[in-house]
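> Take this structure first; my questions come after.
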Amino acid sequence: MADFYFLCIKFTGMTEVLDINITKVERSKLNDFNLQNIPFGKYFTDHMLEADYENGEWKNIEIKPYQPLLLEPSTSALHYGQAIFEGMKAFRNQKGEAFIFRPHDNFMRFNLSAQRMNMPEVSEELFIEGLRQLVDIDKNWIPAQPDHSLYIRPLMFGTDNMLGVKPSDTYKFLVILSPVGAFHAAPMKIAVEEKYTRAAPGGVGFSKNAGNYGASMLPATKAKQKGYDQVLWTDAFEHKWLQEVGMMNIGFIINNVFVTPALGDTILNGVTRNSVITILKDMGIKTEERRINIDEITEEYKKDGIQEIFGMGTAAVISLIEELKYKDIVLKFDTNNFTIAQKVKDKLNEIRNGLTDDVYNWMFKI
Ligand SMILES: *Cc1c(COP(=O)(O)O)cnc(C)c1O
């Protein structure tokens, strides 16, 4: 395996450790594309990365024009759900240099998801160097405007053409890129979920597998029909211990302390969550990762102890919550007073846009 990755490629004129076959488009779609006000995840760049896992190794590593896949109806992931993904963003600084935000964290989480779903891991060379070369080729697609970015979506799924229930022997690893505009999300109204469950101990909640998203669609749709933007997931047994909000980690400022559910097999280890904790600590704010009961929140609310509530995730970064409903209790918040959430969001954006020193070494240069 190692020898294979130490082959050099001629294409970029540099010595690379990964053997990638590169085919470029003849004419970029960017010529007919306006990088202003782009909806999330709707448009894709000129190229994609594709690799196949066969006989115990990753091969056919290619960067090629973005195009449909040819799959048989028997493709195992479509039936039995061995499918995982990641999400991160690339940015441009004032000098026009391109960076990816914390890709090594997403790389490690991708392999953690792969392990749980009984799928092969990818090497750091394939994931990181593959990403780096793909983003480099499509770097003109990174929007320069504030709050815009290039969203990076790696994914892997089982490709055996076989209906027997067993782990697939073959897999595809792909990376696609999508330019995204500013996410001017309105403050959210959230309903505490008391019937459905996203994650249970021993389950797959900590992994970024496709099925977690599939299972969340119906509860989210029902919440929307009742006028809420998302659900606040609770534990599978009592529906009282808080987990996550929609597909984001949740954070509170309670009596000047940042509180978020502790990690474990029912919580996804968000890179945004980790970045927020790191920044808050450096701002001198006390942070607690622990169990949080909905009754604690409603009790503290009565005493005016809940100062801020927000979701954390790559797509929207920080999403403020203006209303939380639990049974017949409605908690309302004036998000204009969420000064800590705003400060941490500003700080994160400054780091990502290269407006302040990258003291945490989070920006990976392309
Ligand atoms: C991806 C995801 C998050 C956010 O993780 P980030 O690394 O911050 O983008 C949170 N919860 C769930 C369930 C997720 O799938």
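The values are calculated or read from the model by the stated rules, or taken from the named source; none is laboratory data. Given the structure is predicted, the values throughout are model-derived calculations rather than measurements. Don't worry about glycine lacking a Cβ; one is built from the backbone with ideal geometry, like all the others, and counts go over all protein chains shown.
> Return the total of residues in the stretch 272-292 being closer than 29 Å to Phe237 by Cβ and in contact with a Ser or Thr (Cβ under 7 Å, 6 or more places away or on another chain). If you could, list the steps in order and put the result at the bottom.
Of all residues in the stretch 272-292, those closer than 29 Å to Phe237 by Cβ come to 272-274, 276-277, 287-292.
Narrowing further to those that are in contact with a Ser or Thr (Cβ under 7 Å, 6 or more places away or on another chain): 272-273, 277, 289.
The qualifying residues number 4.
> Just need a number here: residues in the stretch 260-278 that are closer than 27 Å to Thr339 by Cβ, of a type in the set (Gly, Ala, Ser) and within 14 Å of the ligand (Cβ to nearest atom).
2
> If I go through the stretch 223-259 residue by residue, how many of them are within 11 Å of the ligand (Cβ to nearest atom) and either of a type outside the set (D, E, K, R) or within 16 Å of Phe333 (Cβ to Cβ) (or both)?
The qualifying residues number 8.
> On to the next question. Could you pull out the residue among Pro120, Pro201 that is touching a strand residue (DSSP E or B) at 6+ places or on another chain (Cβ under 9 Å), more than 13 Å from the ligand (Cβ to nearest atom), more than 30 Å from Gln36 (Cβ to Cβ) and assigned by TED's automatic domain parsing to the domain that holds Phe338?
Sole residue among the options that is touching a strand residue (DSSP E or B) at 6+ places or on another chain (Cβ under 9 Å), more than 13 Å from the ligand (Cβ to nearest atom), more than 30 Å from Gln36 (Cβ to Cβ) and assigned by TED's automatic domain parsing to the domain that holds Phe338: Pro201.
> Looking only at the stretch 257-295, count how many residues are of a type in the set (D, E, K, R), surrounded by fewer than 20 Cβ atoms within 10 Å (Cβ to Cβ) and in contact with a Leu (Cβ under 9 Å, 6 or more places away or on another chain).
Here is the first cut: in the stretch 257-295, the ones of a type in the set (D, E, K, R) are 265, 273, 281-282, 286, 288-291, 295.
Adding the requirement that they be surrounded by fewer than 20 Cβ atoms within 10 Å (Cβ to Cβ) leaves 265, 281-282, 286, 288-291, 295.
Now drop any that are not in contact with a Leu (Cβ under 9 Å, 6 or more places away or on another chain), which leaves 286, 289, 291.
Within the stretch 257-295, residues that are of a type in the set (D, E, K, R), surrounded by fewer than 20 Cβ atoms within 10 Å (Cβ to Cβ) and in contact with a Leu (Cβ under 9 Å, 6 or more places away or on another chain) number 3.
For every residue, the table says whether it meets (1) surrounded by 16 or more Cβ atoms within 10 Å (Cβ to Cβ); (2) small (Gly, Ala, Ser); (3) farther than 21 Å from Ile318 by Cβ.
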{"site": "Thr159", "(1), (2), (3)": "yes, no, yes"}
{"site": "Val165", "(1), (2), (3)": "no, no, yes"}
{"site": "Asp169", "(1), (2), (3)": "no, no, yes"}
{"site": "Ala191", "(1), (2), (3)": "yes, yes, no"}
{"site": "Thr197", "(1), (2), (3)": "yes, no, yes"}
{"site": "Pro201", "(1), (2), (3)": "no, no, yes"}
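> Of the numbered conditions (1) touching a residue at least 40 places away in the same chain (Cβ under 8 Å); (2) out of contact with any Phe, Trp or Tyr (no Cβ under 8 Å at 6 or more places or on another chain); (3) farther than 21 Å from Arg290 by Cα, Trp241 fails exactly one; give the number of that condition.
That leaves (3) as the condition not met.
> Counting only residues that are surrounded by fewer than 18 Cβ atoms within 10 Å (Cβ to Cβ) and outside any helix (DSSP H, G or I), which one in the stretch 316-345 is farthest from the ligand (Cβ to nearest atom)?
Checking each candidate, the answer is Asp328.
> Another question about this same structure. Mind checking which residues of the stretch 82-97 are touching a residue at least 60 places away in the same chain (Cβ under 8 Å), surrounded by fewer than 21 Cβ atoms within 10 Å (Cβ to Cβ) and among the small types (Gly, Ala, Ser)?
Correct list: Gly87 only.
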